[in-house]
Amino acid sequence: MFDFITQDHNPARVPCADGGAAGMDVSILMRVLDEIDYGVVLVDGNGSLRYANQLALREMLAGGPLRLGGGRVHTTTPADQHVLSVAIADAVRGRRKLFTASDACGSLPVAVVPMHGAADGEALALLVLGRRSAADSLTVDFYARSNGLTCAEALVLQRMCVGLKPKEVAKEQGVAISTVRSHICSIRTKTQTGSIRELLNRIAVLPPITPVIKAMSVEHHREPATAQ
């Protein structure tokens, strides 16, 4: 099962920050990582998968720029594959890298970070996947519901968060600009913000809300084709 990907499935505990002996169940730590709105992937120097949180696993199984094949992490193009391989090799030697993997449908920024200190002394690399958008729709929706916005107000807020201006929102929704401005006024009142800029800045720093993702099994998914 990929809900908890490690070298083995033996029970393990992670030491507490204060060095206490009780520690923390690894399963709890994995659940914490699954609540992070960034995909994280742990690989060895050959790119073999050691761990992926649910968001990263979903990204790789969706057929995007970064994919999973034969137990290894791949990109969709030979050029990106070379960059990824070099970045992983550099991370194993202690150097951080940032690159962008691309395919026909878009691009995905990836930070490659050294992860030393494994129990067996093996040097690993952590791939931190970028977010698809600055303002995640689930986060905006959660914010809207928390502040009592109507469905129409929440939709206006969602569209402004992706960069649309009020006139563009009105055109897209087929309503008068005065209707959108009325919604914006109500949104600002309910959220107690003085301007649209203040509102958008507040949303930009909200804690990310991740979707509920069911555990996936490699055996139940066909691995996408990868660059050779």
³J(HN,Hα) computed for each position of segment 82-93 - Karplus, 6.51 cos²θ - 1.76 cosθ + 1.60, integer Hz, glycine/proline x: 5, 4, 4, 4, 5, 5, 5, 4, 5, 5, 4, 8
Extension gain from Leu138 to Asp25, taking 0.36 nm per residue of separation minus the Cα-Cα distance: 37.8 nm
Whole-Hz ³J(HN,Hα) from phi, Karplus 6.51 cos²θ - 1.76 cosθ + 1.60, for segment 146-152, glycine and proline x: 5, 9, x, 6, 6, 4, 5
Long-range amide H partners of Gly69 with built H, under 5 Å: His74
Estimated distance in nm for a label pair at Thr100 and Ser48, the labels positioned 7 Å out from Cα along Cα-to-Cβ: 3.3 nm
Estimated inter-spin distance, Cys185 and Arg145, nm [label 7 Å along Cα→Cβ]: 2.9 nm
Inter-label distance for Ile196 and Thr77, nm, one decimal - labels placed 7 Å from Cα along Cα-to-Cβ: 3.5 nm
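Laboratory data are not the source of any read-out in this text; all were calculated from the coordinates shown. This structure is a prediction, so every number in the text was calculated from the model and none was measured. Here Cβ is always computed from backbone atoms with ideal geometry, including for glycine, and neighbour counts include all displayed protein chains.
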